[in-house]
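As C-alpha cells, the structure follows; a few thoughts come after it.
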Amino acid sequence: MLNMNRINKLGIAIAFVFIGGFISCNSPENTESDKINAVTVAQTPTVSGDILSYADPNLEGPSVLIFNFHSTNRCISCNAIEANTRKTLETYFSKEMQEGRIKMMVYNVDDEVNASIAQTFEATGTALFIVRVNDGKDSIMDVTGDGFKYAKHNPEKLIEILKSKIEEQLQ
C-alpha cells in the first residue's frame, strides 16, 4: 500500500525541481563582462523590426541571419546557446561571415531599444532563429528547442544541427 506522506514529499520535490529550473534561466549566472559582451557583440547600429533590413541587398543568392535573444539575467543554458552558435559560425562559416552572407545578431529582450525586433520574433526570453533571406523574402526557422536540449549537455550535437541547418539555408 502507498504511503500518502511519501507521495506528498515526492510531489513537493518534483515541484522544487521544476520551479528551480524555471528560475535558473532568470538568475544572474554570468559575470559583468559576459553581460557586456552578450549585449554589444554583432548588433546592428539601428534595431529594426524588419527582418529584410538586416540582409545585404547587394548579395546574390541566399544569405542567413542568426537572431539570438536573451533576457538581462542569463542562465548557463542561455549562455551556452550563444557560445555554441558562435563556435559553429567561427568554425564552419568564417568565410561566409566575412562576406556578409551570414550575420549573427544578439539582442537583450529586456532592453527597450530591441523591442521591435523582439516583437517580430515574439521573443520574450531566450530564443534562437535561423532566417534564410533570398530574393527579398525571408524564411524563419526556430531552433530554440534544439538549443535548450543540447547546448549545455551535448554541445557537439547542437553544433552539428546548426551546421546542417545553416548549410541547408545557404543552398
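So what is the relative contact order for region 30-170, in percent, with contacts set as C-alpha pairs under 8 Å and at least six apart?
Normalised by residue count, the contact order of region 30-170 is 34 percent.
Work out how much length residue 115 to residue 140 would gain on full extension: take 0.36 nm times their residue separation and subtract the Cα-Cα distance, in nm to one decimal.
Full extension of this stretch gives 7.2 nm more.
How many nm separate the modelled label positions at residue 124 and residue 91, each set 7 Å beyond the Cα in the direction of the Cβ?
Going by the 7 Å Cα→Cβ label model, 3.4 nm.
Give me 146, 135, 111 sorted ascending by neighbouring Cβ count inside 10 Å, so fewest comes first.
Listed from fewest to most nearby Cβ atoms, that is 135, 111, 146.
To the nearest 20 debye, what charge dipole does region 30-170 have about its Cα centre, counting +1 at the Cβ of each Lys and Arg and -1 at the Cβ of each Asp and Glu?
Roughly 380 debye, rounded to the nearest 20.
For 88, 120, which order do you get if you count the other beta carbons within 10 Å of each Cβ and list the fewest first?
120, 88
Read-outs: derived from the displayed coordinates by stated rules, not from any lab. Predicted model only: the values in this text are computed from it and were never measured. Reconstructed Cβ throughout: ideal geometry from the backbone, glycine too, with neighbour counts over all protein chains shown.
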